[in-house]
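J.: Okay, handing you the structure first.
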Amino acid sequence: MTHDHDLVLKPTARQTEAALNPPPGRTGGDLVVETLQGLGATTVFGLPGQHALGMFDALRRSSLSYVGLRVENNAGFAADAYGRITGEAAPLLLSTGPGALMSLAALQEAAAASAPVLAIGSQVPSAGLGGGRHGYLHELRDQQASFRDIVKSVHTARTASQIPSAIADAWRSALTAPHGPVWVEIPQDVLLAETLLPVVTAMDATPEDVLPRPELTALAAHLLAGAERPAIIAGGGVVRSDAAGKLLALAERLDAPVVTTFGGKGAFPWEHPLSLQSWLEDRHTTDFLEDADVLLVVGSGLGELSSNYHTFAPRGRVIQVEADAGKLEANHAGIGIHADARLALSALLETVPERPDPAAAERVRTVLAKVRERIAAQDRTVEQQLLAAVREALPDTSPSFWDMTILAYWAWSAFDARQPNTMHSAQGAGGLGYGFPAALGAAAADPSRPVLAVSGDGGAMYSIAELATARQYGLPVTWLIVDDGGYGILREYMTDAFGEATGTELARPDFVALAESFGVSAVRTAPETLAADLAKALAEPGPSVVVLPALLRMFAPTHL
């Protein structure tokens, strides 16, 4: 009898010849890029630094495409978006000390949003490891400690032979649900040293499936089938697991209204009769969800934003499907099902019977009418017109990336993403500067379609240097900068809380002239011309900037 593992242990004649006679001049850096190629990577992001030069030198001997950004944090945001768009682990090559630490805010966002990022950083030479104070450039007592609380897992390769396994283990970790960032570090001397190890070929790093326990899905199916007022909250896990079709099938079988979280935009058709859209920061929606006798939460931890700032208090049974075991019942008690959203929805679809409810669509219409009435009473016409203009100009298949700015806060609740995995923001960790570099990462993943980035003027200054990156690689990203002369949302928060704002007003450049100085086409627009100007910019090849001077306001909160 022949077993599969017997076949693995018997190399072919060609493999034997290649192993006995590896090409000369290879280093530990070559093992890094060969492993990435063997795992299926095609594009890497990053920024070179002294201790990481062995990896970057090896890039020119590989088939990997390199996208170099101007700031490590922005390179991390680009890798984050590449991972979100493709579902692949996005390699991020970094140097030591300051270079590595500059990526932390981006990796925090990747962790919060479950974006698969494979960060590979260099280290000081091996002699400097262990916490001593040797005085190497960029030396830290424990570089891993800075990452351990942020990433899913930490991996170290102290010798050349450890490199392929360390990277493969990290790859598997990044792509096992819930996806997330991982950290690998390799000393400078290991990256530079010549190696006689064979060329790395195909690597096996298949992620593990997170399967639901059958007795739990059986109970969930029983509760949903017998519910009088079921409802569904669909989070980002539905999008990441490509489960939008299964969610739609289950909702229609149950006649259950669906609301999508801000991270789950596009998981359910916006105009569907059962769609409550994304008005989670509205008390009318909160009341409706609280009234559900069985609430199915799929791919969401019901965090601060998804729970209307923790004012949500469900009165019925809660069934929570979540791949991150730490989020199960973290905010609300219920039936916690540790599973990938797609696999859990598949299991429910196998057992949940039809449950017709002709009144469900009418209840949804009533809630949405109340929401519209509340917003209409606040004189926020311009903000809604701007969102409509963006929606008109943006092709349905084009992804958009939103920074932490007032127009994005509106978009979380009011923007129709139209398709899954096309609207992304930094609402996971909430850091500034995400929109534009993330859009560059998405354009690198698929340069055949235009990508939109939306920032305020304050957030734009975090990543203004990446105009050079956009121009250098000719990436088709249109950057909409809403210029209100400061940190607009913080200005509003402080004024509401204290009567006046401090530290929110900003001197800023002429964004049109600045973009043009980078060789990037730019135009200044107005609310009434935004749709046309944005559509024109998106239709042109390469990068472009659209500047909108406007002072926007948020809709009134309902959680206070």
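J.: If you check Asp57 against the conditions, is it in contact with a Lys or Arg (Cβ under 9 Å, 6 or more places away or on another chain), at pLDDT 95 or above and either closer than 24 Å to Gly474 by Cβ or assigned to a helix (DSSP H, G or I) (or both)? Write out each step before concluding.
T.: Details: in contact with a Lys or Arg (Cβ under 9 Å, 6 or more places away or on another chain): no; at pLDDT 95 or above: yes; either closer than 24 Å to Gly474 by Cβ or assigned to a helix (DSSP H, G or I) (or both): yes.
Spelling it out, it is not the case that Asp57 is in contact with a Lys or Arg (Cβ under 9 Å, 6 or more places away or on another chain), at pLDDT 95 or above and either closer than 24 Å to Gly474 by Cβ or assigned to a helix (DSSP H, G or I) (or both).
J.: Out of the residues in region 107-127 that are touching a Ser or Thr at 6+ places or on another chain (Cβ under 7 Å) and assigned to a strand (DSSP E or B), which is modelled with the lowest pLDDT? Give the derivation first.
T.: Within region 107-127, the subset touching a Ser or Thr at 6+ places or on another chain (Cβ under 7 Å) is 119, 121-124.
Then keep just the ones that are assigned to a strand (DSSP E or B); that gives 119, 121-123.
On the way: Ala119: 98, Gly121: 97, Ser122: 94, Gln123: 87.
In this case the residue turns out to be Gln123.
J.: Could you tell me how many of the residues in region 465-491 are buried (at least 24 other Cβ atoms within 10 Å of the Cβ), under 27 Å from Ala90 (Cβ atoms) and of a type in the set (A, V, I, L, M)?
T.: 5
J.: Could I ask something else about it? Tell me the residue from Ala361, Ala369, Ala344 that is assigned to a helix (DSSP H, G or I), open to solvent by 30 Å² or more (accessible area, probe 1.4 Å) and among the small types (Gly, Ala, Ser), please.
T.: On the way: Ala361 fails: open to solvent by 30 Å² or more (accessible area, probe 1.4 Å); Ala344 fails: open to solvent by 30 Å² or more (accessible area, probe 1.4 Å).
Selected residue: Ala369, the only one of Ala361, Ala369, Ala344 that is assigned to a helix (DSSP H, G or I), open to solvent by 30 Å² or more (accessible area, probe 1.4 Å) and among the small types (Gly, Ala, Ser).
J.: Exactly one of (1) assigned to a loop (DSSP other than H, G, I, E, B); (2) under 20 Å from Asp340 (Cβ atoms); (3) small (Gly, Ala, Ser) is unmet by Ala220. Its number?
T.: All conditions pass for Ala220, except number (1).
J.: May I ask you to list the residues in region 50-75 that are within 25 Å of Leu467 (Cα to Cα), out of contact with any Phe, Trp or Tyr (no Cβ under 8 Å at 6 or more places or on another chain) and of a type in the set (Gly, Ala, Ser)?
T.: Matches in region 50-75: Ala52, Ser65.
J.: How do the pairs read when you match residues in region 487-499 that are in a helix (DSSP H, G or I) and among the hydrophobic types (A, V, I, L, M, F, W, C) with residues anywhere that are open to solvent by less than 80 Å² (accessible area, probe 1.4 Å) and modelled with pLDDT of 95 or more, using Cβ under 6 Å and keeping only pairs 6 or more apart or on different chains?
T.: Ile489/Ile406; Leu490/Thr504; Met494/Ala501
J.: Name the pairs whose Cβ atoms lie under 8 Å apart, with the first residue in region 148-170 and under 14 Å from Thr195 (Cα atoms) and open to solvent by less than 10 Å² (accessible area, probe 1.4 Å), the second assigned to a helix (DSSP H, G or I) and at pLDDT 95 or above, and 6 or more positions between them or separate chains?
T.: Partner pairs satisfying both residue conditions: Ile163/Gly28; Ile163/Leu31; Ile163/Val32; Ile163/Thr35; Ile163/Val190.
J.: Pairs needed: first member in region 123-138, under 9 Å from Asp189 (Cβ atoms); second member anywhere, among the basic types (Lys, Arg) and surrounded by 11 or more Cβ atoms within 10 Å (Cβ to Cβ); C-beta distance under 7 Å; at least 6 residues apart or different chains.
T.: These pairs meet every condition: Ser126/Arg158.
J.: Can you confirm whether region 537-553 contains a residue that is part of a helix (DSSP H, G or I) and open to solvent by 20 Å² or more (accessible area, probe 1.4 Å)? Before you say what the answer is, go through the steps one by one.
T.: Filtering region 537-553 for residues part of a helix (DSSP H, G or I) gives 537-539.
Now restrict to residues that are open to solvent by 20 Å² or more (accessible area, probe 1.4 Å): 539.
Taking every residue of region 537-553 in turn, at least one turns out to be part of a helix (DSSP H, G or I) and open to solvent by 20 Å² or more (accessible area, probe 1.4 Å).
J.: Next question, about the same structure. Would you say Val210 is closer than 22 Å to His179 by Cβ, assigned to a loop (DSSP other than H, G, I, E, B), open to solvent by less than 30 Å² (accessible area, probe 1.4 Å) and in contact (Cβ under 8 Å) with a residue 60 or more places away in the chain? Don't jump to the end; show me each part of the working.
T.: Details: closer than 22 Å to His179 by Cβ: yes; assigned to a loop (DSSP other than H, G, I, E, B): yes; open to solvent by less than 30 Å² (accessible area, probe 1.4 Å): yes; in contact (Cβ under 8 Å) with a residue 60 or more places away in the chain: yes.
Here the answer is yes, as Val210 does meet what is asked.
J.: Mind listing just one residue for me: the one in region 128-148 that is assigned to a helix (DSSP H, G or I) and either touching a helix residue (DSSP H, G or I) at 6+ places or on another chain (Cβ under 8 Å) or at pLDDT 85 or above (or both) and, of those, nearest to Leu53 (Cα to Cα)? Walk me through how you get there before you give the answer.
T.: Kept after step one, since they are assigned to a helix (DSSP H, G or I), are these residues of region 128-148: 128, 143-148.
Restricting the remaining residues to those that are either touching a helix residue (DSSP H, G or I) at 6+ places or on another chain (Cβ under 8 Å) or at pLDDT 85 or above (or both) gives 143-148.
On the way: Gln143: 18, Gln144: 20, Ala145: 23, Ser146: 22, Phe147: 21, Arg148: 24 Å.
Among those that are assigned to a helix (DSSP H, G or I) and either touching a helix residue (DSSP H, G or I) at 6+ places or on another chain (Cβ under 8 Å) or at pLDDT 85 or above (or both), it is Gln143.
J.: Considering each residue of region 405-426, count those that are within 14 Å of the chain's Cα centre (by Cα) and crowded, with 24+ Cβ neighbours inside 10 Å, and give that number.
T.: At the first step, the residues of region 405-426 found to be within 14 Å of the chain's Cα centre (by Cα) are 420-426.
Filter once more, so that each one left must be crowded, with 24+ Cβ neighbours inside 10 Å: 423-426.
Of the residues in that region, 4 qualify.
J.: Okay, next question. Kindly list the number of the only condition in (1) surrounded by 19 or more Cβ atoms within 10 Å (Cβ to Cβ); (2) in contact with a Ser or Thr (Cβ under 7 Å, 6 or more places away or on another chain) that fails for Met494.
T.: Tallying (1) surrounded by 19 or more Cβ atoms within 10 Å (Cβ to Cβ); (2) in contact with a Ser or Thr (Cβ under 7 Å, 6 or more places away or on another chain), Met494 fails exactly one: (1).
J.: Identify the residue in region 68-93 that is of a type in the set (Val, Ile, Thr) and in a helix (DSSP H, G or I) and, among all such residues, is most open to solvent (accessible area, probe 1.4 Å).
T.: Among them, the one singled out is Thr86.
J.: Would you tally the residues in region 505-529 being open to solvent by 50 Å² or more (accessible area, probe 1.4 Å), in contact with a helix residue (DSSP H, G or I) (Cβ under 6 Å, 6 or more places away or on another chain) and among the aliphatic types (A, V, I, L, M)?
T.: Residues meeting the conditions: 1.
J.: Could you give every pair whose Cβ atoms fall below 9 Å, whose first residue belongs to region 529-546 and is farther than 15 Å from Val390 by Cβ and at pLDDT 95 or above, and whose second residue is of a type in the set (Lys, Arg) and surrounded by fewer than 21 Cβ atoms within 10 Å (Cβ to Cβ), counting only separations of at least 6 or pairs across chains?
T.: Gly542/Arg471; Pro543/Arg471
J.: Restricting attention to region 102-123, which residues are more than 15 Å from Ala426 (Cβ to Cβ) and either open to solvent by less than 10 Å² (accessible area, probe 1.4 Å) or out of contact with any helix residue (DSSP H, G or I) (no Cβ under 6 Å at 6 or more places or on another chain) (or both)? Working first, answer last.
T.: Narrowing region 102-123 to residues more than 15 Å from Ala426 (Cβ to Cβ): 102, 116, 118-123.
Pro116, Leu118, Ala119, Ile120, Gly121, Ser122, Gln123, listed by residue number.
J.: Next question, about the same structure. Test Thr469 against the criterion of being assigned to a helix (DSSP H, G or I) and either charged (D, E, K, R) or touching a helix residue (DSSP H, G or I) at 6+ places or on another chain (Cβ under 8 Å) (or both), and give yes or no.
T.: On the way: assigned to a helix (DSSP H, G or I): yes; either charged (D, E, K, R) or touching a helix residue (DSSP H, G or I) at 6+ places or on another chain (Cβ under 8 Å) (or both): yes.
Answer is yes for this residue.
J.: Continuing with the same structure: For region 156-187, which residues satisfy the criterion of being over 22 Å from the mean Cα position of the chain (by Cα) and under 22 Å from Val117 (Cβ atoms)?
T.: Matches in region 156-187: Thr156, Ala157, Gln162, Ile163, Pro164, Ser165, Ala166, Glu185, Ile186, Pro187.
J.: When region 43-67 is examined, which residues are found to be free of Cβ contacts under 8 Å to residues at least 60 places away in the same chain and open to solvent by 10 Å² or more (accessible area, probe 1.4 Å)?
T.: Leu47, Pro48, Phe56, Asp57, Leu59, Arg60, Arg61, Ser62, Ser63, Leu64, Tyr66
J.: Hey, can you tell me all the residues within region 79-122 that are without any contact (Cβ under 8 Å) to a residue 60 or more places away in the chain, out of contact with any Gly (no Cβ under 6 Å at 6 or more places or on another chain) and among the aliphatic types (A, V, I, L, M)?
T.: Matches in region 79-122: Leu101, Met102, Leu104.
The values are calculated or read from the model by the stated rules, or taken from the named source; none is laboratory data. All of these numbers come straight from a predicted model, not from anything done at the bench. Glycine gets a Cβ as well: all are built from the backbone with ideal geometry, and neighbour counts include every protein chain shown. Heavy atoms of the whole protein, side chains included, go into the accessibility calculation; ligands, DNA and RNA do not. Shrake-Rupley method; radii C 1.70, N 1.55, O 1.52, S 1.80 Å.
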